[in-house]
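S.K.: Take a look at the following structure, please.
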């Protein structure tokens with residue numbers, strides 16, 4: 001299976017929910033955004049309000065790009081269970097040495113090659129945090145990082161960031 005090719009997760013759906021998996025390859029931008037595009041389509045088909053679709057797309061896209069820039073490989077999974085969207089992104093990368101510092105806007109450890117392409121501005125994790133209802137980061141330096149992003153699909157007016 002190539003990077004960006006979606007498939008139903010092997011553990012199946014629970015209570016009518018949906019579980020989708022996308023493999024991600026480090027340094028390969030050819031399918032960048034495939035997971036977030038699929039998620040946008042799934043949410044639109046469910047009638048989710050546009051402002052929530054936008055927030056989910058920002059979170060998933062930023063996470064995908066972080067894996068492509070920083071890791072050897074990883075995956076993006078999303079599940080829609082009732083009124084909750086969970087996006088889980090796991091990578092085999094360098095890990096994050098200082099999560100607090102990585103959450104500061106503009107801080108980046110992106111390599112020069114990524115910045116030359118316009119990526120790696122240090123806004124990925126801060127953008128995810130701004131658009132998620134909950135964000136959990138589990139990172140082990142030298143092993144990798146897992147992000148778990150939660151968005152409540154029921155009450156967009158309470159969760160929407162003011163523009």
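S.K.: Taking region 29-53 as the search range and keeping residues that are part of a loop (DSSP other than H, G, I, E, B), at negative phi and modelled with pLDDT of 90 or more, which one is surrounded by the most Cβ atoms within 10 Å (Cβ to Cβ)?
M.R.: It comes out as 48.
S.K.: Looking at the structure I just gave you, is residue 131 closer than 23 Å to residue 56 by Cβ, crowded, with 19+ Cβ neighbours inside 10 Å and either touching a helix residue (DSSP H, G or I) at 6+ places or on another chain (Cβ under 7 Å) or free of Cβ contacts under 8 Å to residues at least 40 places away in the same chain (or both)?
M.R.: Criteria met by residue 131.
S.K.: Within region 61-88, how many residues are touching a strand residue (DSSP E or B) at 6+ places or on another chain (Cβ under 8 Å) and under 18 Å from residue 110 (Cα atoms)? Write out each step before concluding.
M.R.: Within region 61-88, the first condition is being touching a strand residue (DSSP E or B) at 6+ places or on another chain (Cβ under 8 Å), and the residues that meet it are 63-64, 66-68, 70-80, 83-88.
From the residues that got through so far, the ones that are under 18 Å from residue 110 (Cα atoms) too are 63-64, 66-68, 70-74.
So the answer is 10.
The values are calculated or read from the model by the stated rules, or taken from the named source; none is laboratory data. Just so it is clear, the structure is predicted and the values come from calculations on it, not from any experiment. Positions of Cβ are generated from backbone atoms using ideal geometry, with glycine treated the same way; all protein chains shown enter the neighbour counts.
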